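Novice: Handing you a structure now.
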Amino acid sequence: MTAALHQIWRHPIKSHGREEIIEVTLTEGNAMPWDRRWAVAHERSCFDIDRPRWQPCNEFSIGAKSPRLQAIRARVDPAYRAITLSHPDLVDITINPDDQGDANRFIQWVMPVSNGARVLPARLVRAPQAMTDTDYQSVSLINLASHRAVEAQLGQEITPLRWRGNFLIDGWEPWAERALIGQKLRIGTAEFEIRDHIARCAATTANPETGQCDADTLGALRQGFGHRDMGIYAVVTKSGDVQQGQKVDLI
């Protein structure tokens, strides 16, 4: 099974923007740097800013509740700890997420593309652990062949960015990743252990270019393949550098 890393993506604020990068340095036991470092607690969230800790996604504003969030793009400037965010319906904004004034400006910025019929965004928050959808520090891998199988089931092309994965991998057979739970792999000089399947939610029905729901991804998964999974979670077991185009090897 020959495979290569096609793209690398990070999502600095959970459900609020994505950025493609060419390379990344990973640290054993940690999520990807600048990935899900912040999240947006909604108005009914129980997130405790005085004792911050990892919380499940239902404590935050996410694409499943506000699909227009899917169209946000991000650009990180690590040197200045700044993130520039853009959306097709909004004027770009640049913030330091750890600055309270900037955080408040961001909440006002994102309000128009948040679903007022659900809970509204209230606070930009951070915890010691990345706000991935797992309670352990994880990275996510998407098999592009499985993505193409979903496209065929749908009868329409969709971007793999709907799945909001960190590593997009090409060269595996469709659904080969489902047999990898518990196995280890290497990309570049980093090594990983595969932990879990990624169960999908309604956020994936929204087009990342427009924020409009235009594809029944969940129905395609259930009807065509008998599950609602796309991708796998992994943990970094050996620190190392990863670049686009590198081989993905089982070890």
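The values are calculated or read from the model by the stated rules, or taken from the named source; none is laboratory data. What you are looking at is a predicted structure, and each value in this text was computed from that prediction instead of being measured. Note that we place each Cβ from the backbone using ideal geometry, even for glycine, and neighbour counts take in every protein chain shown. What goes into the accessible areas is simple: the full protein's heavy atoms, side chains included, and nothing from ligands, DNA or RNA. Shrake-Rupley method; radii C 1.70, N 1.55, O 1.52, S 1.80 Å.
Novice: About the Cα centre of segment 147-251, what is the dipole size in debye to 20, counting +1 per Lys and Arg Cβ and -1 per Asp and Glu Cβ, all else neutral?
Specialist: Here the size comes out at about 280 debye.
Novice: Applying the Karplus parametrisation 6.51 cos²θ - 1.76 cosθ + 1.60 with θ = phi - 60° to the phi angles of segment 244-251, what ³J(HN,Hα) value in whole Hz is obtained for each residue in order, glycine and proline being reported as x?
Specialist: Residue by residue, segment 244-251 yields 4, x, 6, 5, 10, 10, 6, 10 Hz.
Novice: What are the principal axis extents of the Cα atoms in segment 175-226, in Å, biggest first?
Specialist: 38, 26, 14
Novice: Compute the FRET efficiency between Ile251 and Arg195 as 1/(1 + (r/R0)^6), taking r as their Cβ-Cβ distance and R0 = 25 Å, and round to the nearest 0.05.
Specialist: 0.95
Novice: Would you calculate the separation in nanometres between label points at Glu43 and Thr25, each defined as 7 Å from the Cα along the Cα-to-beta-carbon direction?
Specialist: Label-label distance for Glu43 and Thr25, simple model: 4.4 nm.
Novice: Once fully extended, how much extra length lies between Gln156 and Asn58, figured as 0.36 nm per residue of separation less the alpha-carbon to alpha-carbon distance?
Specialist: Length gained between Gln156 and Asn58: 32.3 nm.
Novice: Specify whether the C-alpha gyration tensor of segment 96-135 places it in the rounded, prolate or oblate class, a ≥ b ≥ c being the square roots of the eigenvalues: rounded for a/c under 1.5, otherwise prolate if a/b is larger than b/c and oblate if not.
Specialist: Oblate is the answer for segment 96-135, as a/c is 1.5 or above yet b/c matches or exceeds a/b.
Novice: Separate question: For Asp92 and Tyr136, compute 0.36 nm times the residue count separating them, minus their Cα-Cα distance, and round to one decimal in nm.
Specialist: Gain on extension, Asp92 to Tyr136, equals 12.6 nm.
Novice: Based on the alpha-carbon gyration tensor of segment 19-65 and its eigenvalue square roots a ≥ b ≥ c, which shape applies: rounded if a/c is under 1.5, prolate if not and a/b is larger than b/c, or oblate?
Specialist: oblate
Novice: Given segment 1-152, what whole percent of its Cα pairs are spread farther than 28 Å?
Specialist: Everything past 28 Å amounts to 20 percent.
Novice: Please work out how much length the chain gains when fully extended from Thr84 to Ala176, using 0.36 nm per residue of separation minus the C-alpha to C-alpha distance, in nm with one decimal.
Specialist: 29.5 nm
Novice: Follow-up question, since we're still on this one. Hey, got the dipole for segment 206-251? About the Cα centre, +1 on K and R Cβ, -1 on D and E Cβ, debye to the nearest 20?
Specialist: 220 debye
Novice: Near Lys14, which aspartates and glutamates are there with a Cα under 19 Å away, not counting those fewer than 8 places off in the same chain?
Specialist: Filter leaves Asp35, Glu43, Asp48, Glu59, Asp77, Asp92, Asp98, Asp99, Asp102, Asp133, Asp135, Glu209.
Novice: Hey, can you find the accessible area per residue of segment 79-171 for me, probe 1.4 Å, expressed in square angstrom?
Specialist: It amounts to 43 Å² per residue over segment 79-171.
Novice: Give the peptides 178-189, 123-134, 43-54 in descending order of average Cβ contacts within 10 Å, highest first.
Specialist: Averaged packing, sorted descending, gives the order 123-134, 178-189, 43-54.
Novice: Quick one: with all protein chains in place, what share of the accessible area of the chain is carbon or sulfur, to the nearest percent (1.4 Å probe)?
Specialist: On the chain, the fraction of accessible area on carbon and sulfur atoms equals 46 percent.
Novice: Once amide H atoms are built 1.01 Å from N in the peptide plane, which residues 5 or more positions from Thr189, or in another chain, come under 5 Å H to H?
Specialist: Placed amide hydrogens put Asp241 under 5 Å from Thr189.
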